Amino acid sequence: MINLGIIEDEKMFRESLEQFFGTQPEFQQVQSAGSVEEFLELLEGGLEVDVMLLDIGLPGLSGLEGIRLLKGKRPNADIIMLTSYDDSDRIFKALCAGADSYLVKRSSIHSVKEAILTVHQGGSYMSPSIARKVIDHFSPKRDTDEDQILTGRQEQIVQGLVDGLSYKLIADKYLISVETVRDHIKKIYRKLQVNSKAEVIRKRMDGEI
């Protein structure tokens, strides 16, 4: 039976997590707080916890700052980051600080449960997009511009995605095969460290590429 702690400042999201896990047979107790400081007070009051779901963007101390403090109070407890942030900097800061797993909030509630059970049994669990970034970080890198900058053709294909064109329409527009478009898309995903067309479009709209 798992004692679960939830540290999340978004009230509706926190309550939905409490409601779900409060009805699951594997969980003995579910306790939540809206900040690291509030949860630390609960731990100082004797609260027992096996696994903590921890957001990063919190009022007061951030989740990243809170990891060491929470581990200091409960060294044997596991911490799973559950956050909207999926940038490499925060991922590695969290893991280096002692987080045991990292999930993005768009994960299904059943994935969150699977992560908790896996971590509690001594394993590790990450959202697929996060796992890919971790793997890419430790993969051998070639320090060439080709690996870091989109080619002219890849820029055209990205613009085609932003314009809502299908792979076939992109292929027709630039007089190339659909298979060539697919090959470029795979390379674009690797260079941008993304896993979907939507993420490519978001990066372009945000001015990141």
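Every number here is computed from the coordinates shown, using simple stated rules; none is lab data. Treat the numbers as computed from the prediction; the structure is a model and nothing was measured. Glycine gets a Cβ as well: all are built from the backbone with ideal geometry, and neighbour counts include every protein chain shown.
Counting only residues 5 or more places away or on other chains, whose amide H sits under 5 Å from the amide H of MET52 once H atoms are built in the peptide plane?
Close amide H contacts, sequence-distant or interchain: GLY5, ASP78, ILE79, ILE80.
List the longest stretch of the chain that has no exposed loop site; here a site is one of the GluC sites (Glu not before Pro) assigned by DSSP to anything other than H, G, I, E or B, with at most 14 other Cβ within 10 Å.
49-207
Which of HIS110, GLN159, ALA97 sits closest to the plus end of the dipole of segment 70-203, meaning its Cα is farthest towards the positive end, when Lys and Arg get +1 and Asp and Glu get -1 on the C-beta?
Among HIS110, GLN159, ALA97, the one farthest towards the positive end of the dipole of segment 70-203 is HIS110.
Only Cα pairs within less than 10 Å get springs; with that Gaussian network setup on the chain, which residue of SER166, SER129, SER196 has the largest fluctuation?
Among SER166, SER129, SER196, the largest mean-square fluctuation in the Gaussian network model of the chain belongs to SER166.
Which whole-number percent of Cα pairs in the chain have a distance greater than 31 Å?
So the pairs more than 31 Å apart make up 33 percent of the total in the chain.
Using the C-alpha gyration tensor of segment 145-205, what are the square roots of 5 times its eigenvalues, in whole angstrom, with the largest one first?
Taking √(5λ) for each Cα gyration eigenvalue gives 17, 13, 10 Å.
Return the single residue from VAL119, VAL181, VAL104 with maximal mean-square fluctuation; model: Gaussian network over the chain, springs between Cα atoms under 10 Å.
VAL181
I want the local charge near LEU4. Using Cβ-Cβ distances under 11 Å, sum +1 for each Lys or Arg and -1 for each Asp or Glu among the other residues.
Net charge in that neighbourhood comes out at -4.
Evaluate E = 1/(1 + (r/R0)^6) for TYR174 and LEU117, where r is the Cβ-Cβ distance and R0 equals 41 Å; express this FRET efficiency to the nearest 0.05.
0.30
Near GLU41, within a Cβ-to-Cβ distance under 15 Å, what is the net charge of the other residues, with Lys and Arg +1 and Asp and Glu -1?
-2
Mean Kyte-Doolittle hydropathy of -1.0 or higher plus an axial Cα length of 20 Å or more: which whole DSSP H helices in the chain meet both?
What comes out of the filter, once short or polar helices are dropped, is 178-192.
Gain in length, PHE92 to ALA131, computed as 0.36 nm per residue apart minus the alpha-carbon separation, to one decimal in nm?
Value of the extension gain: 12.9 nm.
Between LEU58, LEU103, LEU47, find the one with the highest GNM mean-square fluctuation for the chain; connect C-alpha pairs within less than 10 Å.
For the chain, modelled as a Gaussian network with Cα springs under 10 Å, the answer is LEU47.
Among all the aspartates and glutamates, which ones have a C-alpha under 18 Å from LYS203's C-alpha, if same-chain residues fewer than 8 places away are not counted?
Filter leaves ASP86, ASP87, ASP89, ASP147, GLU155, ASP163.
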